[in-house]
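The values are calculated or read from the model by the stated rules, or taken from the named source; none is laboratory data. Not measured: the values here are computed from a predicted model. No Cβ is skipped: glycine too gets one built from the backbone with ideal geometry, and neighbour counts run over all protein chains shown. Please note that ligands, DNA and RNA were not included when accessible areas were found on the heavy atoms of the full protein model with its side chains. Shrake-Rupley method; radii C 1.70, N 1.55, O 1.52, S 1.80 Å.
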Amino acid sequence: MSASAPTIRTELLSDRHDRNGFVSGVEALDKYLRQQAGQDIRRRVASCFVLLASGNPVPIGYYTLAATSLDLAELPDALAKRLPRYPRVPATLMGRLAVDARHRGRGNGELLLFGAFSRALRNEIASYAFVVDAKDETAARFYSRYRLMPVVSGGRRLFVPMAEIAKIFA
Ligand SMILES: CC(C)(COP(=O)(O)OP(=O)(O)OC[C@H]1O[C@@H](n2cnc3c(N)ncnc32)[C@H](O)[C@@H]1OP(=O)(O)O)[C@@H](O)C(=O)NCCC(=O)NCCS
């Protein structure tokens, strides 16, 4: 019998996962997974999903999702003018995304991002856009590969309309 490739799956973070074994190299992101993510899930302020290989409780990577909103003024005119004149529109925030340093450069970041896109798209509660706060320019470059664009006020908040995400999965 030949050895099969490890199965990769995504799960909601739980006590079964070895959070201490996860090392992204970004202390704030490692600390969040170890100390804060579980509380955020319990308090319903963010969901945290981990990517796992079968037989290994140490996450390959993780992301968080929560509800947020975007000021209409943060959207380019071309998009804003097609929306009702509400001051804000609902959105989905991916607050954090990290891949363990030992698993970078193998498509895991993309897999996590597409998983988050798909999860946000499947949500029955309306959300106009998918939003991220890139932690630095390197992260912003990664996101810009996937149609995320800066909000009008600049900074590192990026977004992509959910309608664009729907086209990716069409
Ligand atoms: C950003 C991060 C999630 C990417 O994860 P990864 O598993 O290395 O990325 P992937 O292997 O899925 O890369 C997918 C594609 O994006 C490219 N890419 C990866 N990082 C990139 C970057 N910083 N800028 C531009 N492109 C990048 C890859 O070359 C690859 O392109 P290819 O398919 O043409 O080869 C990871 O580097 C990370 O955890 N960084 C530290 C935390 C962080 O910055 N989080 C992000 C936001 S807060």
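Results, tabulated for the structure shown:
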{"quantity": "The range 92-124, residues that are over 10 Å from the mean Cα position of the chain (by Cα), hydrophobic (A, V, I, L, M, F, W, C), open to solvent by less than 80 Å² (accessible area, probe 1.4 Å) and within 11 Å of the ligand (Cβ to nearest atom)", "calculated": "Val99, Ala101"}
{"quantity": "Residue match in the range 15-22 (condition: under 17 Å from Tyr63 (Cβ atoms) and in a helix (DSSP H, G or I))", "calculated": "yes"}
{"quantity": "Where a residue in the range 98-126 is in contact (Cβ under 8 Å) with a residue 60 or more places away in the chain and more than 16 Å from Arg9 (Cβ to Cβ) and its partner, wherever it lies, is more than 8 Å from the ligand (Cβ to nearest atom) and β-branched (Val, Ile, Thr), with Cβ under 9 Å and at least six apart", "calculated": "Ala101/Val23; Arg102/Val23; Arg102/Ile60"}
{"quantity": "Filter result (open to solvent by less than 60 Å² (accessible area, probe 1.4 Å) and outside any loop (DSSP other than H, G, I, E, B)) within the range 72-86", "calculated": "Leu72, Glu74, Ala78, Leu79, Ala80"}
{"quantity": "The one condition in (1) open to solvent by 80 Å² or more (accessible area, probe 1.4 Å); (2) over 16 Å from Phe49 (Cα atoms); (3) without any contact (Cβ under 8 Å) to a residue 12 or more places away in the chain that Val152 fails to fulfil", "calculated": "(3)"}
{"quantity": "Selection status of Val89, more than 12 Å from the chain's Cα centre (by Cα), more than 16 Å from the ligand (Cβ to nearest atom), of a type in the set (Val, Ile, Thr) and not in a strand (DSSP E or B)", "calculated": "no"}
{"quantity": "Residues satisfying the stated conditions in the range 144-170, i.e. of a type in the set (D, E, K, R) and assigned to a helix (DSSP H, G or I)", "calculated": "Glu164, Lys167"}
{"quantity": "Matching residues, the range 129-143, being touching a strand residue (DSSP E or B) at 6+ places or on another chain (Cβ under 7 Å) and near the ligand (Cβ under 9 Å from one of its atoms)", "calculated": "Val132, Asp133, Ala134, Ala140, Tyr143"}
